[in-house]
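To keep things clear, I will list the structure first and then write my remarks on it.
What follows draws every value from the coordinates through simple rules; no lab data is involved. What you are looking at is a predicted structure, and each value in this text was computed from that prediction instead of being measured.
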Amino acid sequence: MQAAPVRAHALPSVTTALRAVESLLLSGGQRTARRNAWTAVLEDRRRAKDRVEAQHVLDAVAGHRS
């Protein structure tokens, strides 16, 4: 009896699979626009988090001055 053949390639990640489906469904321009939009969303979230953290620091400093 022979052993089962060993796979040379790992299974694709979910991200890889989604990008493959995306490339089939969307044209290049649409893919670029979607990725740019998502990058903008992530950047907006980062800036919002930074604003909240800065507000906490300002509130803490204002509380210590009183």
Output ³J(HN,Hα) for region 31-37: one whole-Hz value per residue in order, computed from phi by the Karplus curve 6.51 cos²θ - 1.76 cosθ + 1.60 with θ = phi - 60°, and x for Gly and Pro.
4, 4, 4, 5, 5, 4, 5
Region 15-28 - phi-based ³J(HN,Hα) in whole Hz, Karplus 6.51/-1.76/1.60, Gly and Pro as x
4, 4, 5, 5, 5, 5, 5, 4, 5, 6, 8, 10, 6, x
